[in-house]
Amino acid sequence: MRIEERIECLFGISMDEMKSKVRTRISVECRMIYAKMRHEEGASVVQIARELCHNHASVIYYLYKFPDEIKYNKNFAKMYN
């Protein structure tokens, strides 16, 4: 199952919603999870940014903040695991 399909199945957020400029907590957290999983697969930051229709700096920020979210946000940690 592809990452987009897993996120949509688990959280109800479609790829179109992740591509949007909406900044609700769930949308941003799903983007962070998507970026982290794609980065672990070997995708570049620019490639992930194109897939999400966001700036590469946003993806860099998602990857930078990911460990803090896992550490301090228990709901986020549950979502990712």
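Have a look at Arg50, Arg31 and point out the one that is over 10 Å from the mean Cα position of the chain (by Cα), surrounded by 11 or more Cβ atoms within 10 Å (Cβ to Cβ) and modelled with pLDDT of 95 or more.
Arg50
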Out of (1) within 19 Å of Lys78 (Cβ to Cβ); (2) among the β-branched types (Val, Ile, Thr); (3) open to solvent by 20 Å² or more (accessible area, probe 1.4 Å); (4) not in a helix (DSSP H, G or I), what's the single condition that is false for Ile13? (3)
Give me the pairs: first residue in segment 53-75 and under 17 Å from His39 (Cα atoms), second residue of a type in the set (Phe, Trp, Tyr) and part of a helix (DSSP H, G or I), beta-carbon distance under 6 Å, and six or more apart or on different chains, which are they? Glu69/Phe76
Check Lys78, Lys65, Lys71, Lys36 and return the single one that is open to solvent by 80 Å² or more (accessible area, probe 1.4 Å), assigned to a helix (DSSP H, G or I), of a type in the set (D, E, K, R) and modelled with pLDDT of 95 or more. Lys71
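Do we find that Met1 is out of contact with any strand residue (DSSP E or B) (no Cβ under 8 Å at 6 or more places or on another chain), part of a helix (DSSP H, G or I) and not acidic (Asp, Glu) in this structure? Spell out how you get there, then give the answer.
Details: out of contact with any strand residue (DSSP E or B) (no Cβ under 8 Å at 6 or more places or on another chain): yes; part of a helix (DSSP H, G or I): no; not acidic (Asp, Glu): yes.
No, not satisfied.
The values are calculated or read from the model by the stated rules, or taken from the named source; none is laboratory data. Just so it is clear, the model here is predicted, and its values are computed rather than measured. No Cβ is skipped: glycine too gets one built from the backbone with ideal geometry, and neighbour counts run over all protein chains shown. For accessibility, only protein heavy atoms count, side chains too; no ligands or nucleic acids. Shrake-Rupley method; radii C 1.70, N 1.55, O 1.52, S 1.80 Å.
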